[in-house]
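See below for the structure under consideration.
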Amino acid sequence: MPICGPNRANCGPYGAALVERGAMRHDRCLLLRRTPDRALCVQGTHLHWPEIMSRKIAIVEDEAAIRENYGAAFRREGYGVDLYAARQPAVDAFKARLPDLVVIDINLQDDVEGGFELCRQLRAMSADLPIIFLTARDSEFDAVSGLRLGADDYLTKDISLPHLMARVAALFRRLDAMREPRSEENCIRRGNLEIDVDRMTVRWKDETVALTLTEFWMMHALARYPGHVKNRQQLMDAAQAVLDDNTITSHIKRIRRKFVAIDADFAAIETAYGMGYRWLSG
């Protein structure tokens, strides 16, 4: 049975999609083709597509053409897609079942700030659901506002589709890290702090700190080596995300606020000006 090989020369589009989702290694990637019934054919053996590519992405976008365009792009990558034109229908659906990732515009019909409110509602439903803003609003104020509300990424609509797909795949890789925790240190205890990588949880003074995926891995990077300064590139690498300096600063501020909400005297994350951040509590 043919495989793609180390140079990926034979890796077909559906084999590549499986590899990107973590379902298959590239050196074992089978040559796949789609059949009219939306199954996969592997050397004559039919595998049901939804059973393999089961991740569901919800897109909340009020412009029909844009909504359908993004939906088609995600479906070509093998994702299941649900489309919503307004905030309330999306909220009603999410109360019944959350998707695996949500892409949100800010302006939703007559609801000018509807995307921000939806992000707030989603964070109340789930602390670790990946949320991406995809919007025409490109001001720094809007980007910082979206990240402060708990979004994992903030992108503008001039982003290319391949770049968008790569950012989504990166978020899903971080979700996979939750299911396959890093082996070197699955539980970190630093005074009042406890990080459980197996359960993807952070506790301070025995109370849970609800962090997003990005915030969790930044917190993990800081707490692993107390006193060591982590620069912005190191924090970005830990979060497996491409973030600018202002975005990283916003995430750190959000992390601090969540700890302060539990402990008004919290001061364990120190800014090393011009360098980065360090965890002080040993």
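Structural remarks
- Relative contact order for segment 51-122: 36 percent, from Cα pairs under 8 Å spaced at least 6 residues apart, divided by residue count.
- 3J(HN,Hα) along segment 87-101: 5, 5, x, 5, 4, 4, 5, 5, 5, 7, 7, 7, x, 8, 7 Hz, from the Karplus curve 6.51 cos²θ - 1.76 cosθ + 1.60 with θ = phi - 60°, whole Hz, x for Gly and Pro.
- Rounded to the nearest whole Hz, the Karplus-based 3J(HN,Hα) values (6.51 cos²θ - 1.76 cosθ + 1.60, θ = phi - 60°) of segment 204-219 follow the sequence 10, 6, 6, 10, 6, 9, 7, 10, 6, 4, 4, 5, 4, 6, 5, 4, with x at glycine and proline.
- Percent accessible area from carbon and sulfur atoms, segment 81-212, protein chains only, probe 1.4 Å: 46
- Per-peptide packing, taken as the mean over residues of other Cβ atoms within 10 Å, places 155-167, 77-89, 189-201 in the sequence 77-89, 189-201, 155-167 from highest down.
- Annotation: amide H of Thr201 within the under-5 Å range of Asp196, sequence separation 5 or more or interchain, hydrogens built in the peptide plane.
- In sequence order, calculated HN-Hα J values of segment 244-256 (Karplus, 6.51, -1.76, 1.60; Hz; x Gly/Pro): 8, 4, 5, 5, 4, 4, 5, 5, 4, 4, 5, 4, 4
- Taking all Cα pairs closer than 8 Å and separated by 6 or more residues, the relative contact order of segment 133-282 comes to 21 percent.
- Kirkwood analysis of segment 49-117, using all unique Cα-Cα pairs, places the hydrodynamic radius at 12.3 Å.
- Residues whose placed amide H lies under 5 Å from that of Thr135, excluding near-sequence neighbours: Leu155, Thr156, Lys157
The values are calculated or read from the model by the stated rules, or taken from the named source; none is laboratory data. It should be emphasised that the depicted structure is a prediction, and the values quoted were computed from it without experimental measurement. Neighbour counts run over all protein chains shown; Cβ positions are idealised from the backbone, glycine included. Quick note on the areas: whole protein, heavy atoms, side chains included, nothing else; ligands and nucleic acids left out. Shrake-Rupley method; radii C 1.70, N 1.55, O 1.52, S 1.80 Å.
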